[in-house]
Amino acid sequence: MQSSYARFLRRPEQSFFLLGLRGVGKSTWARGALPDATWLDLLDQRLYQDLLADPSLFAQSIQHLPSGSWVVVDEVQRLPALLNEVHRLIEARRLNFGLLGSSARKLRAAGVNLLAGRALLRTMFPLTASELGDDFELERVLRHGSLPLVWTSPRPREVLEAWVLLYLQEEIRAEAAARNLPGFARFLPVAALMNGQAINTSGIARDAGVARTTVQGYLGILEDTLLVHRLPAYDSRLRVRERRAPKLYWVDPGIVRAVKRQFGEPAAGERGALLESWVLTTLRAHASETDLYDSLFFWASHQRKSEVDFLLERAGELVGLEVKATDRYHTGLLRGLRSLDRLPGVVRRVLVYTGERQFRSADGIEIWPARHFAERAAAGQLWP
């Protein structure tokens, strides 16, 4: 197993935000992509305190740099007020900035839109199958996830436990994102149990012992700190699409299991949601680099009482992906995909499973092993 892995993320040619979970490898990537950049790490407490007291020191510290130079600001969400100076320096000095952060919450509040067009927005995800190469093991990913910090550790359980504790301390308490920290701590494992399910805020509120409106705010925190993704439902009628509750997916199987205090082999009942979350993260990780889709949904038919896990939309065409955590194929696995036959614009239907055989059903549905799916996603080849 390698100690570090090459990431597929390409360095933008202009200033950019790079957001991602703690431990996902943002700083490691940036040091390799921008070896000559001036580096300002806001986890350095002395630097943080100095800039907090006098933000003008930021510009002073890099005033000697010539036009076109790169400056990396790590953990930029700790001082979002610096974005005003960044904006000015991009315009006046033609400096380039790599702005690394683990939360979009404070950045958005401070005006990320202010830099729209001047700084691109990129997201870094846990290690993908293509990045892991020969080291990729699906069962290991489903059990411990693929955060580089965890993947390269000989003690993944201890690292995951420490990660969850640090998340509560740094992302939540330090940012004052949730005033009721005990309530948020109760909410977190309840939300983890909802992985892969339609969001039921009333049920979560009841189980966590907090108000329904509080749950809505907490879900926003999870999304802003990049832990979860809310997947909307698809319907050709926009009004119907808006009425359906989105599904909640956690970005990394190891983290969602650690929040639930589950560290052994995944039980049969949780494998399906874990595999779905891995597929979704794989899709999202490759989307910006390979033009995988314009929009991403799940699809459900109340009339047929069937569902498809993922529906990719691009230029008016649709690709359906159904995910099953089973090694054994049988035709019953295709029920949801077959219900897409009357949906206009469907150009491919694919079953992703944990078996090893790749083939096509009599009615044209393609059956792909999980590794083959990952390879096709990395190559941008999900469309016929």
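The values are calculated or read from the model by the stated rules, or taken from the named source; none is laboratory data. Everything numeric in this text was worked out from a predicted model, so none of it was measured. All Cβ positions, glycine included, derive from the backbone under ideal geometry; neighbour counts span all protein chains shown. Keep in mind that these areas ignore ligands, DNA and RNA; they rest on the heavy atoms of the full protein, side chains included. Shrake-Rupley method; radii C 1.70, N 1.55, O 1.52, S 1.80 Å.
Things to note:
- In this simple spin-label model, placing a label point 7 Å from the Cα along the Cα-to-Cβ direction at both S288 and D135 gives a separation of 2.3 nm.
- Dipole magnitude for segment 133-217: computed about the Cα centre from +1 point charges on Lys and Arg Cβ and -1 point charges on Asp and Glu Cβ, it is near 500 debye.
- Pairwise Cα distances in segment 118-226 exceed 23 Å in 42 percent of cases.
- Considering only the Cα atoms of segment 271-365, their convex hull presents on average a projected area of 6.4 nm².
- Each principal axis of the Cα cloud of segment 257-313 was evaluated for its coordinate range; sorted largest first, these ranges are 37, 36, 15 Å.
- Segment 205-358, dipole about Cα centre (Lys/Arg Cβ +1, Asp/Glu Cβ -1), debye to the nearest 20: 720
- On the basis of the beta-carbon distance and an R0 of 22 Å, E223 and D50 show a calculated FRET efficiency of 0.10.
- Rounded to the nearest 10 Å², the accessible area of I204 at probe 1.4 Å: 0
- Projected-area average for segment 1-144 over all orientations - Cα convex hull basis, square nanometres: 9.5
- Dipole moment magnitude, nearest 20 debye, the chain about Cα centre, only Lys, Arg, Asp, Glu C-beta charged: 1120
- For the pair A362 and D327, a Förster radius of 22 Å applied to the C-beta separation gives a FRET efficiency near 0.55, rounded to the nearest 0.05.
- Protection proxy ranking for 274-286, 74-86, 44-56, using the average of other Cβ atoms within 10 Å per residue and placing the highest first: 274-286, 74-86, 44-56.
- Annotation for S301 and A185: the two label points, set 7 Å from Cα along the Cα-Cβ direction, are 4.8 nm apart.
- Sulfur and carbon atoms: percent of accessible area, the chain [1.4 Å]: 48
- Treating each Cα of the chain as an identical point scatterer and summing with the Debye formula, the log10 of I(q)/I(0) at q = 0.14, 0.15 Å⁻¹ comes to -1.30, -1.43.
- With respect to the chain, whose longest principal axis is taken over its alpha-carbon atoms, helix 212-224 is tilted by about 70°.
- Heavy-atom accessible surface of the chain, averaged per residue, reaches 45 Å², computed with a 1.4 Å probe.
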